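> For reference, the structure I am asking about is given below.
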């Protein structure tokens, strides 16, 4: 089934002038969140938009096409953003800041779409394999993030053995925990809020994907961690 150039990244809550296609995807994402993908019909979507069901097909092929547009665009945005950050030459603290900003930005601007990404991905058909590959790439990034936290908390060697001993020793040597306690209050309040939101996101992801947790002691992650 060929997509009719469905829009991507149009689920933002910051409304601006939108095309009919964008409106269809936006309204559908809201309905999927409220009722679940399986329970929503094209008639439901047409009713919510105040048009006839047949009119929808002037812009899209099927409900499946809409789900593809919602989920795949978000998954690609997450994955591509993470790859750019990971491959950049920025210092670790800057990478962490950019990762936090990426997740907060995408999640806050795509509230309804995020619900489909988390709850309806298994309903994908043609794009399911592609989505699962994107998900594996993202999970690899989640593993990398955890390893960074493990190193910062002197727990890396417990996970990867002798290869992590150097990082754990360095953490103790520079008294990282004490330094964080001392300097945390000097951070910009807006940045702290971003860290708090990111911590909540990581904890939520860990809660729903317990098999991907490297070290239980790491969770729940706090801003200071």
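The values are calculated or read from the model by the stated rules, or taken from the named source; none is laboratory data. Since the model is a prediction, treat every value here as computed from it, not as a measurement. Here Cβ is always computed from backbone atoms with ideal geometry, including for glycine, and neighbour counts include all displayed protein chains.
> Between residues in segment 125-137 that are under 15 Å from residue 73 (Cβ atoms) and residues that are part of a loop (DSSP other than H, G, I, E, B) and modelled with pLDDT of 90 or more, which pairs lie under 8 Å by C-beta distance while being six or more apart or on different chains?
Taking only residues 6 or more apart or on different chains, the pairs are 131/124.
> Inside segment 55-91, can you point out the residues that are more than 20 Å from the chain's Cα centre (by Cα) and more than 23 Å from residue 41 (Cβ to Cβ)?
So in segment 55-91, the residues more than 20 Å from the chain's Cα centre (by Cα) come out as 55-65, 89-91.
Residues satisfying the conditions are 89, 90, 91.
> If a residue has to be at pLDDT 80 or above and not in a helix (DSSP H, G or I) to count, how many in segment 85-110 make the cut?
2
> Hey, among 28, 69, which residue is surrounded by 15 or more Cβ atoms within 10 Å (Cβ to Cβ), within 21 Å of residue 107 (Cβ to Cβ) and in contact (Cβ under 8 Å) with a residue 60 or more places away in the chain?
Details: 28 fails: in contact (Cβ under 8 Å) with a residue 60 or more places away in the chain.
Testing whether each residue is surrounded by 15 or more Cβ atoms within 10 Å (Cβ to Cβ), within 21 Å of residue 107 (Cβ to Cβ) and in contact (Cβ under 8 Å) with a residue 60 or more places away in the chain leaves just 69.
> Further, regarding this structure: For residues that are part of a loop (DSSP other than H, G, I, E, B) and at pLDDT below 70, scanning just segment 196-225, find the one that is nearest to residue 115 (Cα to Cα).
Let us first name the residues in segment 196-225 that are part of a loop (DSSP other than H, G, I, E, B), namely 209, 213-215, 219-225.
Still in the list and also at pLDDT below 70: 214-215, 224-225.
On the way: 214: 25, 215: 27, 224: 28, 225: 27 Å.
If we take residues in segment 196-225 being part of a loop (DSSP other than H, G, I, E, B) and at pLDDT below 70, then 214 is nearest to residue 115 (Cα to Cα).
> Hey, can you tell me all the residues within segment 111-123 that are touching a residue at least 12 places away in the same chain (Cβ under 8 Å) and assigned to a helix (DSSP H, G or I)? Explain how you work it out, then say what you get.
Quick first cut of segment 111-123, residues touching a residue at least 12 places away in the same chain (Cβ under 8 Å) only: 111-121, 123.
Result: 111, 112, 113, 114, 115, 116, 117, 118, 119, 121, 123.
> So, in segment 45-62, of the ones that are out of contact with any helix residue (DSSP H, G or I) (no Cβ under 6 Å at 6 or more places or on another chain) and either in contact (Cβ under 8 Å) with a residue 60 or more places away in the chain or not in a loop (DSSP other than H, G, I, E, B) (or both), which residue ends up farthest from residue 104 (Cα to Cα)?
The selected residue is 54.
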